[in-house]
Amino acid sequence: MRALLAEDEQTLGTWLSKALEGVGIQVEWVNNGKLADVSLQNNDHDVLILDLGMPGMDGLEVLKRLRARDQRLPTIILTARDSLNERVMALNAGADDFLAKPFALVELEARLHALVRRARGNEHSRLCCGSLIFDVQKKQFSLCGEILMLSPRKHAVLRVLIQHSGEPMSKQQILDRVFSDDQDVHPEAVEVFVHRVRKRLEGRGVRIVTMRGLGYALEEA
Ligand code: CA
């Protein structure tokens with residue numbers, strides 16, 4: 001899971017980034033609303049943890065702009081206690097959940113997982129690209145009606161591509177999603193896995209194309 005943390009309190013931001021990374025959640029931390037707004041436009045996160053009072057642009061405005069771009073990124077707001085008014089405004093702006101400061105890490109972690117699960121549950125349970133189908137519940141690929149067995153890394157690479165089919169994914173974007181647990185992986189490793197997956201799909205009605213300067217995209221052959 002990749003989270004964008006928008007929080008201007010230095011101590012809280014430092015602690016949260018470290019603590020969340022410690023439980024396997026990748027964190028991009030920005031301490032300014034404008035930076036959050038820019039980063040969100042890359043559409044590169046699974047969840048947003050948003051503070052309301054921030055320099056540059058306040059959290060509510062960041063959220064309004066996100067929803068105005070029709071981005072459905074699940075968003076949890078960090079609020080002060082007893083802030084009914086803030087909560088109502090944030091709900092109207094499209095927030096999904098709230099957590100009052102101070103909070104326990106385990107609670108934030110549980111809520112993040114629940115939000116991401118809920119968002120994924122709303123997606124189609126089957127993803128298709130030509131003759132390739134991914135069953136989201138069974139986490140299984142089939143190609144031309146037959147189950148396609150892949151090693152975990154190849155499976156993960158193909159999953160990223162089918163979730164974004166038709167849209168190019170850069171090596172770095174694939175790397176972040178597939179090898180997030182492994183700090184030492186070089187972007188070139190992605191090339192190797194893409195090459196192997198590409199071979200498995202050859203001549204079967206679906207292919208991975210290389211888009212120069214943009215990355216890889218899955219499309220019907
Ligand atoms: Ca703040």
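The values are calculated or read from the model by the stated rules, or taken from the named source; none is laboratory data. The model shown is predicted, which means the values in this text are computed figures rather than measured ones. Counting neighbours? That spans all protein chains shown, and the Cβs are built from the backbone with ideal geometry, glycine included. Side chains are part of the model used for accessible areas, which takes the heavy atoms of the whole protein and leaves out ligands, DNA and RNA. Shrake-Rupley method; radii C 1.70, N 1.55, O 1.52, S 1.80 Å.
Assorted remarks:
- Between helix 187-201 and the chain there is an angle of about 50 degrees, using the helix long axis and the longest principal axis of the Cα atoms.
- Length-normalised contact order for the chain - Cα pairs under 8 Å, 6+ apart - percent: 14 percent
- Loop-exposed trypsin sites (Lys or Arg not before Pro) per DSSP, neighbour cap 15 Cβ within 10 angstrom, longest uninterrupted part of the chain: 1-68
- Neighbour cut-off at most 16 other Cβ (10 Å), DSSP loop, GluC sites (Glu not before Pro), region 101-208: E123, E202
- Top of A19, A110, A119 by mean-square fluctuation, Gaussian network on the chain, Cα under 10 Å: A110
- Per residue, region 28-90 exposes an accessible area of 49 Å² to a 1.4 Å probe, with every protein chain left in place.
- Rolling a 1.4 angstrom probe over the protein heavy atoms with all chains in place gives region 116-217 an accessible area of 60 Å² per residue.
- Positive contributions from Lys and Arg (+1) and negative ones from Asp and Glu (-1), summed over other residues with Cβ under 15 Å from the Cβ of L63, come out at -2.
- Protein accessible area in the chain, 1.4 Å probe - carbon and sulfur %: 49 percent
- Charge sum, other residues only, whose C-beta stays under 15 Å from T210's C-beta, Lys/Arg counted +1 and Asp/Glu -1: +1
- Between 0 and 90°, nearest 10: helix 105-121 axis offset from the chain longest Cα axis: 50 degrees
- Note on the chain: GNM, Cα springs under 10 Å; of I147, I49, I25, the largest mean-square fluctuation is that of I147.
- Highest-fluctuation residue, L158, L132, L84 considered, GNM on the chain with Cα pairs under 10 Å: L84
- When the Cα positions of V157, A189, F179 are compared along the charge dipole of region 126-220, V157 comes out farthest toward the positive end, with charges on each C-beta of Lys, Arg, Asp and Glu.
- Degrees, to the nearest 10: 10-22 long Cα axis against longest axis of the chain: 30 degrees
- Leading residue at positive end of dipole, region 2-119 (Cβ point charges), from L5, Q41, M57: Q41
- Close Lys pairs in the chain (alpha-carbon distance under 16 Å; sequence gap of 8 or more, or different chains): 4.
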